Amino acid sequence: SLGTALLGCGCRRRKAGIVLVREAAGLLREAGVLDPSRFTAHFGLARALAILRQDALRDDRDTDESRSFEVERVEALRAARRLRPDHAGVLYRLGMALKERKADEAEARSAFERYLELAAAANEGGAAGKSASGPSSEKRERGRVWKTASVRHWLAVIKGENTDTAPAEYVAGLFDTYADRFDDHLVNALGYQTPSLIAKEIRSVLGINGAEEAGGKRAHKQDAHAGAIRSCADLGCGTGLMGPLLKELGIGRLVGVDLSEGMLRKAHGRGYDRLLQGDLLDAFAPPEDDFDIVVAADVFVYVGDLRHVLEASARGLARSPHGLCVFSTEAPPRLGGANESVGAVPERGYRLADTGRYLHTAAYVRETAEAVGLRLLSRRTVVLRYNGGKPVHGHIHVFRVAAPGCPKGYLSDR
């Protein structure tokens with residue numbers, strides 16, 4: 001009981017509570033040894049070890065300490081499952097802990113499939129939804145918010161299924177929990193540079209030199225024939241890292257859309273004239289359906305089939321003299337990269353990788369975009385960020401709405 005209480009205090013105090021969490025882990029570990037039938041000892045220990053593992057990570061890399069915490073955490077969850085085989089919290093955490101361990105994929109799949117069975121039964125209100133853990137546990141299970149979207153997504157990864165897109169509920173939940181540390185972790189720990197790479201490509205295509213004039217004012221020398229950039233849609237804008245970079249281009253009106261409410265809260269004050277919570281396609285809903293530029297930075301990694309969003313982008317750009325669609329995708333695996341262990345991606349297709357993100361071939365992106373009326377201007381091979389110290393390779397694509405009779409093809413491929 002003392003271990004559980006200390007764990008609760010430690011969780012509420014965040015970083016300052018790590019000392020309490022360590023003490024809780026020691027007490028819960030001892031309680032599990034003294035009484036192996038005590039479910040709360042094993043389950044509480046697993047929760048404490050998850051917090052300690054996250055604290056032990058360094059720049060998103062495993063350390064000896066973080067690995068030892070994870071090994072012990074898995075064993076604690078297995079002990080908890082033996083005591084309560086239908087406890088949803090245990091099934092979810094065990095599946096998530098094992099999903100990336102090839103040797104334990106069968107166990108992860110079993111945990112996820114049972115979790116979904118219990119969720120379906122609970123939603124139907126049937127007897128099968130009752131937990132084997134006893135009446136009091138049954139009450140808690142009925143009030144549970146089931147994370148079926150996340151489980152279905154990761155179950156598809158384990159089975160090697162190539163879904164069309166990651167579930168919206170999964171993406172929203174993932175980034176709601178990530179929002180507070182997103183900027184610091186992504187930029188400082190992972191070396192994230194996709195927004196600046198996209199801005200650089202836009203400058204290049206539009207001829208914006210970005211030079212400083214006398215007095216510190218930024219010059220926006222650009223296509224004289226095209227006129228000013230009236231508006232831009234930032235798809236999956238997140239915390240708004242693209243916002244200041246886009247405003248520097250002289251964009252008049254900037255609209256951002258994202259599934260995550262937590263991320264959108266962080267985007268306020270970063271140059272956006274309008275922020276929408278919703279699907280990517282919501283950015284093109286009337287009356288705000290006419291843009292000069294559409295950008296998507298590190299967003300299509302959660303979308304496999306790009307046809308619908310590129311089609312909507314082409315429509316939204318159809319009346320613009322600029323008509324630019326600029327976005328990033330993760331590239332198929334290559335030796336030495338973060339995704340090197342991922343299997344082959346179909347030559348003209350995409351694949352849901354074991355990271356839970358989609359990899360797209362350049363050929364697939366080009367053919368899909370051209371089919372909806374976009375013409376490739378340039379494609380640059382880049383390092384988008386780092387993961388576990390290894391580069392995540394990708395592409396920055398620049399498309400323009402094709403004029404009638406415009407031949408297919410691109411101007412540069414770097």
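What follows draws every value from the coordinates through simple rules; no lab data is involved. Bear in mind that the values here come from a model prediction, so they are computed numbers and not experimental data. For neighbour counting, all protein chains shown are included, and Cβ atoms are generated from backbone atoms with ideal geometry for every residue, glycine included.
The Rg/Rh ratio for region 225-325, using Cα coordinates for both the radius of gyration and the Kirkwood hydrodynamic radius, is 0.94. Available extension along the chain between A285 and Y178 is 35.8 nm, counting 0.36 nm per residue and deducting the alpha carbon span. Against the empirical 2.2 N^0.38 Å (N residues), region 160-201 has a Cα radius of gyration ratio of 1.51. Approximating the spin labels as points 7 Å out from Cα along Cα→Cβ, the R274-to-E30 distance works out to 6.1 nm. The rule of thumb for compact globular proteins, 2.2 N^0.38 Å, goes into the C-alpha radius of gyration of region 265-397 1.11 times. The slack in the chain from A103 to N188, taken as 0.36 nm per residue of separation less the alpha-carbon distance, amounts to 27.4 nm. Projecting label points 7 angstrom from Cα along Cα→Cβ for S110 and E169 puts them 2.6 nm apart. From the largest down, region 272-343 spans 46, 27, 23 angstrom on the principal axes of its Cα atoms. Ranked by the mean number of other Cβ atoms within 10 Å of their residues, highest first, the peptides 273-280, 367-374 come out as 367-374, 273-280.
Annotation for E340 and A371: the two label points, set 7 Å from Cα along the Cα-Cβ direction, are 3.4 nm apart.
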